[in-house]
1. Let me have the 222 nm mean residue ellipticity of the chain computed from DSSP H runs of 4+ only, each contributing -39500 (n - 2.57), with the sum over all residues rounded to the nearest 500.
2. What does the charge dipole of the stretch 3-152 about its Cα centre add up to, to the nearest 20 debye, if the Cβ of each Lys and Arg holds +1 and the Cβ of each Asp and Glu holds -1?
3. Over what distance in Å are the Cα centres of the stretch 102-153 and the stretch 14-28 separated?
4. Multiplying the sequence separation of residue 26 and residue 141 by 0.36 nm and subtracting their Cα-Cα distance, what value in nm do you get?
5. Note down the nm distance, to one decimal, between modelled labels 7 Å out along Cα→Cβ at residue 118 and at residue 75.
6. Normalising by the residue count of the chain, find the relative contact order in percent from Cα pairs under 8 Å and 6+ residues apart.
7. Could you please rank 122, 47, 130, placing first whichever residue has the fewest other Cβ atoms within 10 Å of its Cβ?
8. Using 0.36 nm times the number of residues separating residue 54 and residue 90, minus their current alpha carbon distance, what extension gain do you get?
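Every number in this text was worked out from the coordinates using simple rules, so none of it is lab data. Computed from a predicted structure; not experimentally measured. Cβ placement follows ideal geometry from the backbone for every residue including glycine, while neighbour counts extend to all protein chains displayed.
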Amino acid sequence: MKITDFLNVNAISADLKATNKEEVIKELVDLLDKAEPIKAKDALTKRLMEREALGSTGIGQGIGIPHAKCNAVKELTGALSISHKGVDFDSLDGEPTYIFFLLVAPEDAAGPHLKALATISRMLKNRFFRESLISAKDTDTILNIITKENPKT
């Protein structure tokens, strides 16, 4: 599975404005909603916050992968946003989070959901890839970075 299989290219932002976890979740959901309207945006936001309450999806090394299964979407989809200032996302390493991948799947899509999480994690292990995303100044640059790295996954 490749990131471009599920990342909505119209739901990418190089300038996340949020300053805390709840704002990050809301901004990512809004970003995805603008790209492909979500029928139950509030329910999705609530589900994502419930998932965060179970344990932070800030996995360390500047990465956050908020994710949930919710029938607000019809198929596995994702959004990506970069914070240049960093956000306290209760990351496992206690460091600020800069890269946020939102991943949402329908309730019955456990397999694809897990494969997508693994794909994102695998790509983001590469320090050069992470640093390239964080330093990207616009959406086109982010998409170009992902497209170049995608064939390697």
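1. On the way: 5 runs with 64 residues, N = 153.
Computed ellipticity for the chain at 222 nm equals -13000 deg cm²/dmol.
2. Details: 20 positive and 22 negative charges, 65 e Å.
That gives the stretch 3-152 a dipole magnitude of about 320 debye.
3. 18
4. Working: separation 115, 0.36 × 115 = 41.40 nm, distance 2.37 nm.
Result for the pair: 39.0 nm of gain on full extension.
5. Label at residue 118, label at residue 75, 2.1 nm between them.
6. Numbers: 289 pairs, mean separation 43.6, N = 153.
Over the chain, the number comes to 28 percent.
7. Fewest-to-most Cβ neighbours within 10 Å comes out as 122, 130, 47.
8. Working: separation 36, 0.36 × 36 = 12.96 nm, distance 1.19 nm.
Gain on extension, residue 54 to residue 90, equals 11.8 nm.
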